[in-house]
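**Q** Here it is, the structure in full.
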């Protein structure tokens with residue numbers, strides 16, 4: 001599977017649960033440590049839906065990193081069979097337990113995964129399912145932060 005097809009599949013899986021949200025995946029990472037695919041999941045679909053139009057003000061703090069060989073060519077090469085996907089961050093904002101804090105974070109469990117592109121897409125799908133279920137549960141229990149409650153209600 002090529003990196004472009006992998007990214008399309010990741011976006012498709014994410015939009016299956018969050019149809020009106022953004023999943024930004026980039027296969028053109030050339031970091032200091034080599035090449036990688038970067039995946040960032042957002043609850044907002046565009047910057048008009050987040051405070052001050054800043055992407056980092058989104059409710060989700062969810063991103064993944066997939067390392068690739070230094071010699072990998074994004075345009076022509078097939079993805080290797082032994083990929084590793086790590087969560088850079090895997091939480092979202094909830095209302096604080098202490099009235100003096102702005103917010104707390106709810107972590108969604110995720111362990112580093114290794115395998116083929118197809119396996120990583122499946123693992124990502126399970127993570128998105130857990131995320132959606134936990135978000136619905138927090139919405140029903142009144143744990144969503146007041147600044148994001150309307151956005152969550154429109155996205156789920």
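The values are calculated or read from the model by the stated rules, or taken from the named source; none is laboratory data. The shown structure was predicted, so the numbers you read here are calculated from the model rather than taken from an experiment. Don't worry about glycine lacking a Cβ; one is built from the backbone with ideal geometry, like all the others, and counts go over all protein chains shown.
**Q** Identify all residues within the stretch 71-86 that are in contact with a helix residue (DSSP H, G or I) (Cβ under 7 Å, 6 or more places away or on another chain) and at pLDDT 90 or above; write none if there are none.
**A** Once the filter is applied, which keeps residues that are in contact with a helix residue (DSSP H, G or I) (Cβ under 7 Å, 6 or more places away or on another chain) and at pLDDT 90 or above, the stretch 71-86 yields 79, 83, 85.
**Q** Right, here's the next one. Kindly list the number of the only condition in (1) in a loop (DSSP other than H, G, I, E, B); (2) touching a strand residue (DSSP E or B) at 6+ places or on another chain (Cβ under 6 Å) that fails for residue 7.
**A** (1)
**Q** Evaluate the following for residue 121: is it closer than 15 Å to residue 10 by Cβ, in contact (Cβ under 8 Å) with a residue 60 or more places away in the chain and surrounded by 13 or more Cβ atoms within 10 Å (Cβ to Cβ)?
**A** The answer is yes for residue 121.
**Q** From (1) touching a residue at least 40 places away in the same chain (Cβ under 8 Å); (2) out of contact with any strand residue (DSSP E or B) (no Cβ under 7 Å at 6 or more places or on another chain); (3) under 19 Å from residue 148 (Cα atoms), pick out the condition that doesn't hold for residue 94.
**A** Only one criterion is unmet by residue 94, namely (2).
The rows are residues; the columns are (1) in contact with a helix residue (DSSP H, G or I) (Cβ under 9 Å, 6 or more places away or on another chain); (2) crowded, with 16+ Cβ neighbours inside 10 Å; (3) on the phi > 0 side of the Ramachandran plot.
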residue: 51; (1), (2), (3): yes, no, no
residue: 61; (1), (2), (3): no, yes, no
residue: 69; (1), (2), (3): no, no, no
residue: 113; (1), (2), (3): yes, yes, no
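**Q** When you scan the stretch 131-144, how many residues do you find that are within 19 Å of the chain's Cα centre (by Cα) and either within 25 Å of residue 82 (Cβ to Cβ) or touching a residue at least 24 places away in the same chain (Cβ under 8 Å) (or both)?
**A** Result for the stretch 131-144: 6.
**Q** Looking at the stretch 133-155, which of its residues are surrounded by fewer than 17 Cβ atoms within 10 Å (Cβ to Cβ) and in contact with a helix residue (DSSP H, G or I) (Cβ under 6 Å, 6 or more places away or on another chain)? Steps first, answer last, please.
**A** Going residue by residue through the stretch 133-155, those that are surrounded by fewer than 17 Cβ atoms within 10 Å (Cβ to Cβ) are 133, 136-137, 139-143, 146-147, 149-150, 153-154.
Hit for the stretch 133-155 is 139, nothing else.
**Q** Same structure, new question: Working only within the stretch 29-41, note down all residues that are out of contact with any helix residue (DSSP H, G or I) (no Cβ under 7 Å at 6 or more places or on another chain) and at pLDDT 90 or above.
**A** Correct list: 38, 40.
**Q** For the structure I just gave you, tell me whether residue 106 is within 23 Å of residue 132 (Cβ to Cβ), free of Cβ contacts under 8 Å to residues at least 40 places away in the same chain and either surrounded by fewer than 19 Cβ atoms within 10 Å (Cβ to Cβ) or in contact with a helix residue (DSSP H, G or I) (Cβ under 9 Å, 6 or more places away or on another chain) (or both).
**A** Working: within 23 Å of residue 132 (Cβ to Cβ): yes; free of Cβ contacts under 8 Å to residues at least 40 places away in the same chain: yes; either surrounded by fewer than 19 Cβ atoms within 10 Å (Cβ to Cβ) or in contact with a helix residue (DSSP H, G or I) (Cβ under 9 Å, 6 or more places away or on another chain) (or both): yes.
Taking the combined requirement at face value, the residue satisfies it.
**Q** Among the residues in the stretch 62-79, are any touching a strand residue (DSSP E or B) at 6+ places or on another chain (Cβ under 8 Å) and under 21 Å from residue 147 (Cα atoms)?
**A** Yes, the conditions are met somewhere in the stretch 62-79.
**Q** Still on this structure: In the stretch 12-28, what count of residues is obtained for those that are surrounded by 16 or more Cβ atoms within 10 Å (Cβ to Cβ), free of Cβ contacts under 8 Å to residues at least 40 places away in the same chain and either out of contact with any helix residue (DSSP H, G or I) (no Cβ under 8 Å at 6 or more places or on another chain) or under 17 Å from residue 47 (Cβ atoms) (or both)? Give the steps one after another, and end with the answer.
**A** Step one: list which residues in the stretch 12-28 are surrounded by 16 or more Cβ atoms within 10 Å (Cβ to Cβ), which gives 13-14, 17-18, 21-23, 25, 27.
Now restrict to residues that are free of Cβ contacts under 8 Å to residues at least 40 places away in the same chain: 22-23, 25.
Next, from what is left, pick out any that are either out of contact with any helix residue (DSSP H, G or I) (no Cβ under 8 Å at 6 or more places or on another chain) or under 17 Å from residue 47 (Cβ atoms) (or both): 22-23.
Number satisfying all stated conditions: 2.
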